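The values are calculated or read from the model by the stated rules, or taken from the named source; none is laboratory data. Not measured: the values here are computed from a predicted model. All Cβ positions, glycine included, derive from the backbone under ideal geometry; neighbour counts span all protein chains shown. Calculation scope for accessible area: heavy atoms of the full protein, side chains included, ligands and nucleic acids excluded. Shrake-Rupley method; radii C 1.70, N 1.55, O 1.52, S 1.80 Å.
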Amino acid sequence: PAVTTPCKILKCNSEFWAATSGSHHLGAEEAPEFCTALRAYAHCTRRTARTCRGDLAYHSAVHGIDDLMVQHNCSKDGPTSQPRLRTLPPGDSQERSDSPEICHYEKSFHKHSAAPNYTHCGLFGDPHLRTFTDTFQTCKVQGAWPLIDNNYLNVQVTNTPVLPGSSATATSKLTIIFKSFQECVDQKVYQAEMDELPAAFVDGSKNGGDKHGANSLKITEKVSGQHIEIQAKYIGTTIVVRQVGRYLTFAVRMPEEVVNAVEDRDSQGLYLCLRGCPLNQQIDFQTMRSAQAPEGRARRKGPSLPAPPEAFTYETATAKCREKLPVEDLYFQSCVFDLLTTGDVNFMLAAYYAFEDVKMLHSNKDKLHLYERTRVLTPGSTAPTGTHPTLWVALLCLCWLCLL
């Protein structure tokens, strides 16, 4: 089958932003350099036009280029090299710290009250979800699903099969929409895909736009192409997006007040970080255990499917996960599960970084680790999962009394 190249408009946007940082302060003598960067931007969009026909960000960029060409009286013919223009001068509006108080969540909403209660949600691996209520689920959720949907922002993920014909999926695309908020920020859209983790919003900016409190929304690149962090101070929210191997991970720290800020919660649609995955999309831990066994793995993947890149047994997967995750909590179990279902060692790193993000973002350090609530019985046990040992002792005593 023909290989389809994904739309690269995010890369074009990022390159143009990198080339024109501070360009709105350029004098007339530097206008030719801006036009050169614009022509390079246009050339980049033409190269990816065939694979971007249905992409709104692509069409927005094309129209934006035409408008900027006219505004700056740029010729469409000329050099297309991308010189690095001067950086923003000190005190520029993109760097200012004198934002209105309303654009700092803790100062504006909680000035005379206790500090807000922060919650955490994360999605990683094949995929595993930790909700705002610290519920841990392993889900199928193939295709596009909303993670967050409230009055301030919307987050949607797209999960695709890791191997052809497999029910193992991982996050291949992430879209975050920050809604316009008072005098703080304009609406901003962030998009990441496999092999494309930009350090800018879709429009090329790195902050909240032209409003006075624009710097209360800011993107920081921690590791190029691998790790970005978005600070939305006006809603007290921190978002971490990583690319580990080919797939994306997501983690967020958000005040409960923002989490629950919806117009009509009863009629609100599915929202995975708040409500969890639908029951028909969840994989329970018994299924996980059976999938970890060799025969269970064969049932899940099917004997006719291609073998994963590296075959793990339960023992080798467990040993591999212990290298990064010494505590046998649900992050450890997720790591083992993912190595057995995908054979991709990058899923071990995804679990490791997901837990590192929990350590950074979770407000309650006593709840970092999560453990399986149902009791795991040894092989050969016939007792129902989750039966408490005390109940078995009581039943045995009762039977003994009956025999007397």
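Quick one: in the stretch 321-330, of everything that is part of a helix (DSSP H, G or I) and modelled with pLDDT of 95 or more, which residue is farthest from residue 247 (Cα to Cα)?
My answer is 322.
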Any pair with Cβ under 8 angstrom, 6 or more apart, that starts in the stretch 345-360 at a residue that is farther than 11 Å from residue 324 by Cα and ends at one that is acidic (Asp, Glu) and open to solvent by 50 Å² or more (accessible area, probe 1.4 Å): 345/310
Failed criterion for residue 272 (all others in (1) over 27 Å from the mean Cα position of the chain (by Cα); (2) modelled with pLDDT of 80 or more hold): (1)
First in the stretch 219-241 and in contact (Cβ under 8 Å) with a residue 60 or more places away in the chain and outside the structural domain of residue 116 (by the TED database), second anywhere and surrounded by fewer than 19 Cβ atoms within 10 Å (Cβ to Cβ) and part of a helix (DSSP H, G or I), Cβ under 7 Å, 6 or more apart: none
Strands (runs of 3 or more DSSP E) contained in the stretch 211-268 and holding at least 3 residues at pLDDT 95 or above and within 14 Å of the chain's Cα centre (by Cα): 227-232, 237-244, 247-255
